[in-house]
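Working notes, beginning with the structure itself.
The values are calculated or read from the model by the stated rules, or taken from the named source; none is laboratory data. Every value quoted in this text rests on a predicted model; they were computed, and no experiment measured them. Reconstructed Cβ throughout: ideal geometry from the backbone, glycine too, with neighbour counts over all protein chains shown. In case anyone asks, the SASA skips ligands and DNA or RNA and just uses the protein heavy atoms, side chains included. Shrake-Rupley method; radii C 1.70, N 1.55, O 1.52, S 1.80 Å.
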Amino acid sequence: MPLSAAAAMAATVTVLVAAAVPGVAASAGTSPEAPTSGASTSGVPASAAPVPEAPVGEVVGAPPLPEADLSHHGYVSFSNGHIAIRIRSENLGPSDVTASTVRLRFSAPLAVTQELPYGCLRSGKATVLCETGGLRSGGGARQTALDLQPAGGPDEVIVRLDTVWNGGVRDTDPKNNVHQVLAPATGDAYAF
């Protein structure tokens, strides 16, 4: 999935969830039959109506998803108004991953003008998405290097890193691709 498609998909999740709840219109003018009084057609107020549970990661009746284990590790350092981030993304297997996208969220908004590396884009005031490309099972790791500037000159930043797209595989160990790092403006490298 291209990076721009992953960003668009993340933005539409709220609309899809709202559309799935009876009595809740996803947006103005979506359906003339959609109740707007806050009550669903079953007589239960929309706020009290149960939200249907969807299976996590699988569609009922579909073949099982291939399994892989994405892993992101590296370090964050912050000094002189620059956040340096180095990410090593790899796939520990057993299946190959055709593409994946790493999301970096920051506790402080980023400066408006940023030079991002190829394959990365902004997704809000404090979020950057970077594609890793294909990751073969047990193959070599992909490196991503960023040099970013936060707005407002904070004394520290918190960086949250996770996988927002994994190529449609089921990740057998998601703990090794979700990290949070506090980086004070000391220039020290903090590993994740």
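How would Asp188, Asp162 line up by accessible area, probe 1.4 Å, largest first?
Heavy-atom accessible area, descending, gives Asp188, Asp162.
I need the calculated FRET efficiency for the pair Thr172 and Lys125, taking r as the beta carbon distance and R₀ as 35 Å, to the nearest 0.05.
Once rounded, the FRET efficiency stands at 0.55.
Add +1 for every Lys or Arg and -1 for every Asp or Glu among the other residues with Cβ under 12 Å from the Cβ of Ser107, and state the total.
Cβ neighbours under 12 Å give a net charge of +1.
If you plug each phi of the stretch 180-190 into the Karplus form 6.51 cos²θ - 1.76 cosθ + 1.60 with θ = phi - 60°, what whole-Hz ³J(HN,Hα) values come out, in order, with x for Gly and Pro?
With coefficients 6.51, -1.76 and 1.60, one gets 9, 10, 8, 10, x, 7, 9, x, 6, 8, 10 Hz.
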